[in-house]
Amino acid sequence: MKFRGKIIDVACLNHFTRVITTISKLTKVSVLRLTPDNLFFILSEKVANGGVSMWCELAQGNFFDEFQMEGVTADDNEICLEVAPESLSRALKTLQNAKALKIKLTKKHCPCLTISADLPTLSSVSRVVTHDVPVDIIPRKLWHEFKEPHMPDFDVSIYLPPLKTIKNVVDRMKNLSNFLVLEANMSGQMNLKIETDLVSVTTHFKDLGNPPWGDEGSQRDCEAMAQARLDIRKLQQFLTGQQVNPTKALCNLVHHSLVHLILLHEDVSLQYFIPAVA
């Protein structure tokens, strides 16, 4: 197994760092799956136990100027690693002014992603800074657990309002309740609601638009609301860490079961699954 990559463009490096930082806010440990064309960051908690799931896909050609890898075998040309995104994020943040950044899978006291960069100095002597981020190699017999999640058979799919707006609403609601009901319909309407013995609060959004998923919604009443009751902390965690700055953000709702959030940027897609609570 071999992997090495090089990022020269500063904008690509900054964008890559923002994506890793977003992931670090969502999970302490993630699976990094490397293929010849893509990098995937995966979190796969057991939904039956109330766990969230995440699938983030990056096209390597949009970030890396050089990208070379050899997987486990020619047929299974992939590498799966367990990594702490926060360690990766910290290393990248210290190298933001680098002329070029290199990432390589190495074997030191343990397997590592070694990140090194030439940093500018006042003198003509260049300064090379290196970070070793420990990783665990995931054996091939466990790879089946880290495949792309299936698109849920949703009842409603809707574009989201600006994420900062939702975050401001959710932050205020969290002071009043531990749970929030998210509901939406195929007429571009979405509501965020909390209800306790003392207070009932609803924030309404309208004219959001609904993604064109072919004929998915043609059999459904456009005004009928689908809803899911969520642990407000899990939604807040997603909104707080968001640095992807998506061009499109949407939500798929499976009634009383699941909220599937999708952030799309030109070269990044991030999916986040939050199971409903009773």
For a distance above 17 Å, tell me the whole-number percent of Cα pairs in the range 18-74 that qualify. 47
Provide the per residue accessible area, probe 1.4 Å, for the range 156-207, rounded to a whole number of square angstrom. 54
log10 of Debye I(q)/I(0), alpha-carbon scatterers only, for the range 97-173 at 0.12, 0.26 Å⁻¹: -0.79, -1.19
Expected sort for 33-40, 270-277, 203-210, 15-22 on mean C-beta neighbours within 10 Å, highest first, is 15-22, 270-277, 33-40, 203-210
Out of the GluC sites (Glu not before Pro) in the range 183-278, which ones are loop residues according to DSSP with at most 10 other C-beta atoms within 10 Å? Glu223, Glu266
Which percent of the accessible area of the chain is formed by carbon and sulfur heavy atoms (probe 1.4 angstrom)? 49
Note down the Stokes-Einstein diffusion coefficient of the range 32-177 in µm²/s, whole number, using a Kirkwood radius over alpha carbon pairs, 10 °C, and 1.306 mPa s. 85
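How much accessible area per residue does the range 23-133 have, counting only protein heavy atoms and a probe of 1.4 Å, in square angstrom?
Result: 50 Å² per residue.
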Just in the range 4-69: which GluC sites (Glu not before Pro) are loop by DSSP and have at most 15 other Cβ atoms within 10 Å? Glu45
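Hey, how much of the P(r) for the chain falls beyond 28 Å, as a percent of Cα pairs?
When all Cα pairs of the chain are counted, 42 percent exceed 28 Å.
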q = 0.14, 0.22 Å⁻¹, the range 193-266: log10 I(q)/I(0) [Debye, one scatterer per Cα]: -0.62, -1.37
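Please tell me which of these pairs span more than 27 angstrom C-alpha to C-alpha: Lys206/Lys248; Lys2/Lys234; Lys6/Lys164?
Over 27 Å apart, Cα to Cα: Lys2/Lys234; Lys6/Lys164.
The values are calculated or read from the model by the stated rules, or taken from the named source; none is laboratory data. Small disclaimer: the values here were computed from a predicted structure and weren't measured. A quick note on method: Cβ atoms are made from the backbone with ideal geometry, for glycine too, and the neighbour counts reach across all protein chains shown. Just so you know, the surface numbers come from the protein's heavy atoms only, side chains and all, with ligands and any DNA or RNA stripped out. Shrake-Rupley method; radii C 1.70, N 1.55, O 1.52, S 1.80 Å.
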